[in-house]
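Novice: Dropping a structure here in structure tokens format, bear with me for questions.
The values are calculated or read from the model by the stated rules, or taken from the named source; none is laboratory data. Everything numeric here is computed off the predicted structure, so don't read it as measured data. Glycine also receives a Cβ, built like all others from the backbone with ideal geometry; neighbour counts cover every protein chain displayed.
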Amino acid sequence: MKTPIPFYLQKILNGVHDHDSGEVADYIPELASANPDQLGVALCSVTGHLYSAGDAENRFTIQSISKPFVYALALSELGLDAVRDVVGLEPSGQAFNELSLAKDHRPVNPMINAGAIVVNQLINGVDSSVEDRVEKIRSFISQLAGREVDVDKRLCDSELEHAERNLSLAHMLRSYGIIQDDAHDAVLSYTSQCALSVDVRDLAVMTATLANGGRQPVTGEKILDADVCRMTLAVMSSCGMYDGAGRWMTEVGIPAKSGVAGGLIGTLPGQIGVATFSPRLDEQGNSVRGTAIFRELSSDMGLHLMSTENRFGVHPVRSVDEDDETAIIRLQGHINFTATEAILHELEERQFSGKRLALDFSQVSGLHKVGRRMLKEGLRRLREEGNEVALVDDDGLVTDRAMSDGTVLPLADKEDYVIAGEEV
Ligand code: GLN
């Protein structure tokens, strides 16, 4: 069976495809010429399963999405106290390019440009050359992505030609002694960081690394400490969406970060990382269709961080028992989207064929509607591949057993699915 997750991602893309409001960023000339219709999404679980749909391999510049990652690098190089000496931890409620500093002259928010220019300066020590600093960041982002990423020089040069605003921030920061480099070097270093070229698959894996306490889920490499990831995600959740951060957290509830090239990432700690790409932006500079996708994921898949249904700690497949003819997959816990992904992945791996197969819900405490829909689709696919499928569901958790092909999933008695010699 092929897991239906990419099919659901594609469905979500289809649902937002016709939203054509918003404008591509035009203050960076190279961005103004981007094809506004590009649309892609990728999702990576903390177990390293990566799914994508749409223009998932189209490259774009990371822009402000670099900010949480470089912040995490600064935290792991210097610790929170040293970072907090030069940049605060508060949502500023201001636009990303606001010329704003606190009374003590530090930027308050590390996720807007003023803060991010300061954080960039911390990397590789105060005496670092711009070249070494950028290389350190490039190689760190490459580790997170699991492949070598590069700086898009054309984009970087194009932004530097019109960097008056960031230059004025850097001059201001230097005049107060918050940064050491001259303003031009500081902006060159920060702009190079923003010009790293990625796709949504890279971003989903990078984001899943934060969700996974710093272990890159595909390569298995331990890159960051768990407490650095926790602090970074906390800052993302309060400061990540600029002046729309409060509304975003209430309505979408997924710690997120956007970039002006049209990228958007979101993390569910301990569960998944998601990335979208669509270049048209709203007034805050957040991708319009990316925002719509995250809204959909949050409501439809129940991914809001503050959702009281969002419990997923144990492995959702308690056991799989099979003999030549029969297989029973016993589930447990609360089946939310992340649990559903894990179950479908396990069903895909097992490659069942020609079996009498039952999904046992006896130990399941709750089932999200998307979990129900996707598990039914998985069972439909298993049936198409020659298995006879049924549910063990005495408590009636699967409230709607109608399948997309018009048939109804049969219920089975647990006793009919006991495998010889096993203890149930
Ligand atoms: N490089 C961009 C800038 O400094 C990043 C802004 C963004 O992605 N929001 O203007």
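Novice: Name the pairs whose Cβ atoms lie under 8 Å apart, with the first residue in the stretch 27-47 and without any contact (Cβ under 8 Å) to a residue 12 or more places away in the chain, the second among the β-branched types (Val, Ile, Thr) and in a loop (DSSP other than H, G, I, E, B), and 6 or more positions between them or separate chains?
Specialist: Ala32/Val24
Novice: How many residues are more than 16 Å from the ligand (Cβ to nearest atom) and either part of a loop (DSSP other than H, G, I, E, B) or in contact with a Gly (Cβ under 7 Å, 6 or more places away or on another chain) (or both) if we restrict to the stretch 11-32? Talk me through it step by step, then tell me what you get.
Specialist: Quick first cut of the stretch 11-32, residues more than 16 Å from the ligand (Cβ to nearest atom) only: 11-21.
Next, only the ones that are either part of a loop (DSSP other than H, G, I, E, B) or in contact with a Gly (Cβ under 7 Å, 6 or more places away or on another chain) (or both) stay: 13, 17-21.
Going through the stretch 11-32 one residue at a time, the tally reaches 6.
Novice: Can you tell me how many residues within the stretch 171-201 are out of contact with any helix residue (DSSP H, G or I) (no Cβ under 7 Å at 6 or more places or on another chain) and closer than 29 Å to Gly40 by Cβ?
Specialist: Qualifying residue count for the region: 4.
Novice: Filter the stretch 7-48 down to residues that are of a type in the set (Gly, Ala, Ser) and within 22 Å of Ile272 (Cα to Cα), then give me how many there are.
Specialist: Step one: of the stretch 7-48, the residues of a type in the set (Gly, Ala, Ser) are 15, 21-22, 25, 32-34, 40, 42, 45, 48.
Okay, now just the ones that are also within 22 Å of Ile272 (Cα to Cα), so 15, 40, 42, 45, 48.
The qualifying residues number 5.
Novice: Would you pick out the residues in the stretch 328-347 that are closer than 13 Å to Asn387 by Cβ and either touching a residue at least 60 places away in the same chain (Cβ under 8 Å) or in contact with a Ser or Thr (Cβ under 7 Å, 6 or more places away or on another chain) (or both)?
Specialist: Selection gives Ile328, Leu347.
Novice: Further, regarding this structure: Is there a residue in the stretch 290-301 that is assigned to a loop (DSSP other than H, G, I, E, B) and more than 16 Å from the ligand (Cβ to nearest atom)? Don't jump to the end; show me each part of the working.
Specialist: Within the stretch 290-301, the subset assigned to a loop (DSSP other than H, G, I, E, B) is 301.
From what is left, the residues that are more than 16 Å from the ligand (Cβ to nearest atom) are 301.
Yes, the stretch 290-301 contains a residue that is assigned to a loop (DSSP other than H, G, I, E, B) and more than 16 Å from the ligand (Cβ to nearest atom).
Novice: Can you name the helices (runs of 4 or more DSSP H) wholly within the stretch 172-249 that have at least 2 residues being more than 16 Å from Ala74 (Cα to Cα) and modelled with pLDDT of 95 or more? Spell out the reasoning first.
Specialist: Numbers: elements: 183-194, 200-211, 226-239.
Passing ranges, in order: 183-194, 200-211.
Conditions (1) within 17 Å of Met1 (Cβ to Cβ); (2) not charged (D, E, K, R), marked per residue:
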site: Thr340; (1), (2): yes, yes
site: Gln351; (1), (2): yes, yes
site: Asp360; (1), (2): no, no
site: Arg380; (1), (2): yes, no
site: Asn387; (1), (2): yes, yes
site: Asp393; (1), (2): no, no
site: Met403; (1), (2): yes, yes
site: Ala412; (1), (2): no, yes
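Novice: Then there's this: Go through the stretch 33-57 and give me each residue that's surrounded by fewer than 21 Cβ atoms within 10 Å (Cβ to Cβ), at pLDDT 95 or above and either within 16 Å of the ligand (Cβ to nearest atom) or farther than 25 Å from Gly220 by Cα (or both).
Specialist: Asn35, Pro36, Asp37, Gln38, Asp55
Novice: Is one or more of the residues making up the stretch 152-161 within 28 Å of Ala34 (Cβ to Cβ), of a type in the set (A, V, I, L, M, F, W, C), more than 28 Å from the chain's Cα centre (by Cα) and within 12 Å of the ligand (Cβ to nearest atom)?
Specialist: Filtering the stretch 152-161 down to residues within 28 Å of Ala34 (Cβ to Cβ) leaves 152-161.
Imposing the further condition that a residue be of a type in the set (A, V, I, L, M, F, W, C) reduces the set to 155-156, 160.
Next, from what is left, pick out any that are more than 28 Å from the chain's Cα centre (by Cα): 160.
With within 12 Å of the ligand (Cβ to nearest atom) added as a condition, the list becomes 160.
Looking for residues that are within 28 Å of Ala34 (Cβ to Cβ), of a type in the set (A, V, I, L, M, F, W, C), more than 28 Å from the chain's Cα centre (by Cα) and within 12 Å of the ligand (Cβ to nearest atom), one finds at least one in the stretch 152-161, hence yes.
Novice: Right, next: So in the stretch 278-289, with the set limited to residues that are within 16 Å of the ligand (Cβ to nearest atom) and not polar (S, T, N, Q), which one is farthest from the chain's Cα centre (by Cα)?
Specialist: Restricting to residues being within 16 Å of the ligand (Cβ to nearest atom) and not polar (S, T, N, Q), the top hit is Glu283.
Novice: Under 6 Å between Cβ atoms, which residue pairs at least 6 apart in sequence (or on different chains) link something in the stretch 181-200 that is free of Cβ contacts under 8 Å to residues at least 24 places away in the same chain with a partner that is more than 14 Å from the ligand (Cβ to nearest atom)?
Specialist: As it stands, the answer is Ala183/His171; Ala183/Arg174, since those pairs meet every condition given.
Novice: On to the next question. Taking interchain pairs and intrachain pairs at least six residues apart, which have beta carbon atoms under 8 angstrom, with the first residue in the stretch 312-324 and at pLDDT below 85 and the second in a loop (DSSP other than H, G, I, E, B)?
Specialist: Phe312/Gly270; Phe312/Gln271; Phe312/Asn336; Gly313/Gly270
Novice: Within the stretch 61-78, identify whether any single residue is of a type in the set (Gly, Ala, Ser), closer than 24 Å to Glu341 by Cβ and at pLDDT 95 or above, and answer yes or no.
Specialist: no
Novice: Given (1) under 28 Å from Gly273 (Cβ atoms); (2) out of contact with any strand residue (DSSP E or B) (no Cβ under 7 Å at 6 or more places or on another chain), where does Ser404 come up short, assuming only one miss?
Specialist: (1)
Novice: Quick test for you: out of Glu341, Glu377, pick the one residue that is within 22 Å of the chain's Cα centre (by Cα), not in a strand (DSSP E or B) and not aromatic (Phe, Trp, Tyr). Give the steps one after another, and end with the answer.
Specialist: On the way: Glu377 fails: within 22 Å of the chain's Cα centre (by Cα).
Testing whether each residue is within 22 Å of the chain's Cα centre (by Cα), not in a strand (DSSP E or B) and not aromatic (Phe, Trp, Tyr) leaves just Glu341.
Novice: Can you confirm whether Gly386 is surrounded by fewer than 18 Cβ atoms within 10 Å (Cβ to Cβ) and more than 26 Å from Gly270 (Cα to Cα)?
Specialist: yes
Novice: Something else about it: Confirm whether Ala358 is under 24 Å from the mean Cα position of the chain (by Cα) and within 21 Å of Asp395 (Cα to Cα).
Specialist: Judged against the criteria, Ala358 is not a match.
Novice: Consider the stretch 349-368. How many of its residues are part of a helix (DSSP H, G or I) and touching a residue at least 24 places away in the same chain (Cβ under 8 Å)?
Specialist: Of the residues in the stretch 349-368, 1 are part of a helix (DSSP H, G or I) and touching a residue at least 24 places away in the same chain (Cβ under 8 Å).
Novice: Please find, within the stretch 97-119, the residue that is surrounded by the fewest Cβ atoms within 10 Å (Cβ to Cβ) out of those that are modelled with pLDDT under 90 and within 13 Å of the ligand (Cβ to nearest atom).
Specialist: Leu99
Residues checked against (1) farther than 19 Å from Thr232 by Cα; (2) surrounded by fewer than 24 Cβ atoms within 10 Å (Cβ to Cβ):
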{"residue": "Gly253", "(1), (2)": "no, yes"}
{"residue": "Ser258", "(1), (2)": "no, no"}
{"residue": "Gly262", "(1), (2)": "yes, no"}
{"residue": "Gly266", "(1), (2)": "no, no"}
